[in-house]
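The values are calculated or read from the model by the stated rules, or taken from the named source; none is laboratory data. Remember, predicted model here, so these are calculated numbers, not experimental data. All Cβ positions, even for glycine, are placed from backbone atoms using ideal geometry, and neighbour counts span all protein chains on display. Calculation scope for accessible area: heavy atoms of the full protein, side chains included, ligands and nucleic acids excluded. Shrake-Rupley method; radii C 1.70, N 1.55, O 1.52, S 1.80 Å.
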Amino acid sequence: MKELEFAEFYRSSRDMCLRAVLAGVGERQLAEDLVAEAFTRAWVAWPKVARHPAPRAWVVRTALNTRISWWRRRRREVALADGHDVVVPPVTDPGLDPALLALLRQLPRRQREVIAFRVFLDLDTEATAKALGIAPGTVTAHLARAVATLRGHLVIAEAKDTPEAGT
């Protein structure tokens, strides 16, 4: 029973969780690794996760927390010398526009996380606040800032693409 229930949850949630984590981290391969790790942890703790009010949010939050843990571990293991460039591979995901993903990468981490939960997982403000461990007002503030920033970039880009009237 546990196997079938989890398998159905995985099938119905994997892509949505992947897009949410991708929006949060901005790198396809990293997002896939984090989601795989989070689903592994969900399987191990399935009785608890199945009773969670928002299991998909649990998976995404676990993935984002895992990223922080990995980053801390790697920071201690390998310190890059100055002059090394980090290459961000192009992302091709039919569910997420590469231009939008590039804009999301420019947002601060907490704003990306709020976008991931509110937009990609379609959670309300209260559920997002609970999943991220912050106040509902903080969720609203981060969302407003993120939307304003994205709107500013998208409006400017749209204005550049639109031919001037009368020419």
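The table for this structure:
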read-out	value
Out of 3, 8, sole residue that is at pLDDT 95 or above, loosely packed, with under 14 Cβ neighbours inside 10 Å and not polar (S, T, N, Q)	8
Selection count where residues are of a type outside the set (D, E, K, R), closer than 14 Å to residue 13 by Cα and in a helix (DSSP H, G or I), scope the stretch 47-61	7
Residue match in the stretch 17-38 (condition: open to solvent by 30 Å² or more (accessible area, probe 1.4 Å) and more than 15 Å from the chain's Cα centre (by Cα))	no
Residue list for the stretch 1-35, filter: of a type outside the set (A, V, I, L, M) and either part of a loop (DSSP other than H, G, I, E, B) or free of Cβ contacts under 8 Å to residues at least 12 places away in the same chain (or both)	3, 8, 11, 12, 26, 27, 33
